[in-house]
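Okay, so here's the structure we're looking at.
Values quoted throughout were computed directly from the atomic coordinates according to the rules given, and no laboratory measurement underlies them. The structure presented is a predicted model; accordingly, all values stated were derived computationally and were not measured. FYI the Cβ positions are ideal-geometry reconstructions off the backbone, even for glycines, and counts take in every protein chain you see.
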Amino acid sequence: MTLDAAMPRTTAPAILPGSGGLRGTLSDLFWRRPQLLLLLMLLPPVLWLGIVYIGSLFALLLQSFFSIDEFSGLINREFTLKTYGDLFQAANLDIILRTVTMAALVTLASAIIAFPIAYYAARYARGRWKALFYLGVMLPLWSSYLVKIYAWKLILAKEGILTWLLAKLHLLWLLDGWLSLPIVGGNSLSVSFTGTFIVFVYVWLPFMILPVQAALERVPGNLVEASSDLGASPGQTFRNVLFPLALPGIVAGSIFTFSLTLGDYIIPQIIGTSRLFIGQAVYSQQGTAGNIPLAAAFTVVPIVIMGFYLWGAKRMGAFDAL
Amino acid sequence: MRSDRGPSAPLGLKIAAACGLLFLHLPILLIFVYAFTTEEKSFVWPPPGLTTQWFAVTWNRPDVWEALSLSVRVAAISTAIALVLGTLCAAAVSQTRFFGRETISLLVILPIALPGIITGIALRSAFSLADIPFSFWTIVLGHATFCVVVVYNNAVARFRRTSGSMIEASMDLGADGFQTFRHVVLPNIATALLAGGMLAFALSFDEVIVTTFTAGQQQTVPIWMLEELIRPRQRPVTNVVAMVVVLVTLLPILLAYYLTRDGDQIAGSGK
């Protein structure tokens, strides 16, 4: 402390002498120079994240500017834009388009399913019910990702519970009709885009509920009452009051659903068709094909898309809702 | 805060919310039924019969035990590293204001904000550029990196609620920095650290996307499960392991919730 330093010790017996010993000296030093303590506290995490994480991201970026020698299959460590050129082949553009479409649809569906849950939890649930709703969202969120996918494999299998249920309800014609459609259909739900879509929505839904609920909890109840006092129907209140105020929360949630769908490669691999998504393309390029530069270039796609997405979300005020 | 009980929800909303919650929970409950089925070859529903024999079969499978042991060791060490780094970072960010504070928060959150595949392939390309062979430690390196954020979130929330005057009072009463940390700061943040640690453990125990890029031939439990999902060998064993994994991850989440529920910020909302 400055007082301690300014006064000579002999004339001020009320002030303790230096603590002595290594521990005391260190303690005194940190007290006099909080900047030093701050530096020491920040150094390990910043070094770790800076070297391990940021360093790896740069390694990734660097790799995307290398190219693969088509004859030897070896990586040519020279700067080139050839790999990015390969990225814009029709087949690869198809993969990108397919993934972005899926991510957009999943985000939309999650928002629609999440809204009533979040709205009920934010406005009507109290006390014990509130805790129940909270755990009701938190437990599926934290349950094992693979087990959740596995559960859907059980449900969507041809001999599984869904077929059984529809047979009991005499609705099998509906399932067969849907499966015979092009693109969304297939041999069974577990090898169709419909199945992939359902599982994506299921796995990412909690990521949408939480920010929407947080946004709705900040809407003052009297605003909704005022709207109906002024003669608005519930539908009008929703369109003109509730929805605009909840929108930042929805956008915040969509960051997760969109980004997670863009990068996932396990769900479409286990439940879905043989047509690839970005994540699968990355995985197969770096694994079986051994083309790490192209895999790296592929990962730059979701990073760029998410960059634009985050920029747009920030402008809509979504970060305040996180 | 309203004092009355509040209006009752419209029926349509109640039904939609209930259906949404059922949609979230029924698939997980289904896992518990399938762990007891007698059917070996397919996913037929309803199960033709119920049995507990698969628990014994799973118990005697060395590959399951090896995967479990590796997962627990990786999760324990990653959690320990994340606890140290996350607490240090949280203490620095919440106790002082300095230039670049926002950047530090962003740096901590980034590994979990970007899709896992990016973290995974970034680490893999770094290992390949630096010629680091895959090992136990490459798995830990990846896991610890994204576990920091969970500890950090919990610790920051708690530091925000802890008043700085307590630390000053301790110093005024003659405690040195280490004593203040041991007797004042630590008891205050202990439950938040415990909650963060448990969530980090659960996160690491369940992680598969980054692990596929940073593990060599070794199998953690999620990698083992992924292998079984792609090339099924013995489905009933997978069913039992799935059920055990659900239970193992459930407990830390519930505990973390009870440890932090009185706070304004509850653990786990930032997976």
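The table for this structure:
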{"read-out": "Whole-Å distance, taken between Cα centres, linking the stretch A:116-195 and the stretch B:115-164", "value": "32"}
{"read-out": "Gaussian network model of chain B, Cα within-10 Å springs - most flexible of B:196, B:120, B:49", "value": "B:49"}
{"read-out": "B:72, B:184, B:241 arranged by Cβ crowding within 10 Å, fewest neighbours leading", "value": "B:72, B:184, B:241"}
{"read-out": "On Cα atoms only, tilt of B:116-130 relative to the major axis of chain B in degrees", "value": "80"}
{"read-out": "Cα long-axis angle, helix B:136-161 against chain B (0 to 90 degrees, to the nearest 10)", "value": "50"}
{"read-out": "Inter-chain shielding of B:41-51 (mean C-beta neighbours from other protein chains, 10 Å cut-off)", "value": "3"}
{"read-out": "Which of A:278, B:223, A:75 has the fewest Cβ neighbours within 10 Å, and the rest in rising order", "value": "A:75, B:223, A:278"}
{"read-out": "Cα gyration tensor shape for chain B, rounded if a/c is under 1.5, else prolate or oblate", "value": "oblate"}
{"read-out": "Shape call, chain A: gyration tensor on alpha carbons, a/c limit 1.5", "value": "oblate"}
{"read-out": "Top of B:226, B:21, B:194 by mean-square fluctuation, Gaussian network on chain B, Cα under 10 Å", "value": "B:21"}
{"read-out": "Folded to 0 to 90 degrees: helix A:21-32 orientation relative to chain A principal axis, Cα", "value": "80"}
{"read-out": "Cβ-based charge dipole, the protein assembly as shown, positive-most Cα from B:203, B:169, B:232", "value": "B:169"}
{"read-out": "Size of charge dipole - chain A - debye, nearest 20, with Cβ of Lys, Arg +1 and Asp, Glu -1, no other charges", "value": "740"}
{"read-out": "Relative packing of peptides B:130-142, A:232-244 - highest average C-beta neighbours within 10 Å first", "value": "B:130-142, A:232-244"}
{"read-out": "Charge dipole (the stretch A:86-321, unit charges on Cβ, about Cα centre) - positive-most of A:117, A:294, A:182", "value": "A:117"}
{"read-out": "30 Å Cα cut-off, lysine pairs counted over the protein assembly as shown (separation 8 or more, or different chains)", "value": "19"}
{"read-out": "Burial ordering of A:227, A:110, fewest other beta-carbon atoms within 10 Å first", "value": "A:227, A:110"}
{"read-out": "Dipole of the stretch A:86-321, positive direction: furthest Cα of A:136, A:274, A:262, with charges on the beta-carbon", "value": "A:136"}
{"read-out": "Dipole magnitude (debye, nearest 20) for the stretch B:58-260, charges at Cβ of Lys, Arg, Asp, Glu", "value": "240"}
{"read-out": "Ranked by how many other beta carbons lie within 10 Å on average, peptides A:298-304, A:207-213, A:217-223 from highest", "value": "A:207-213, A:298-304, A:217-223"}
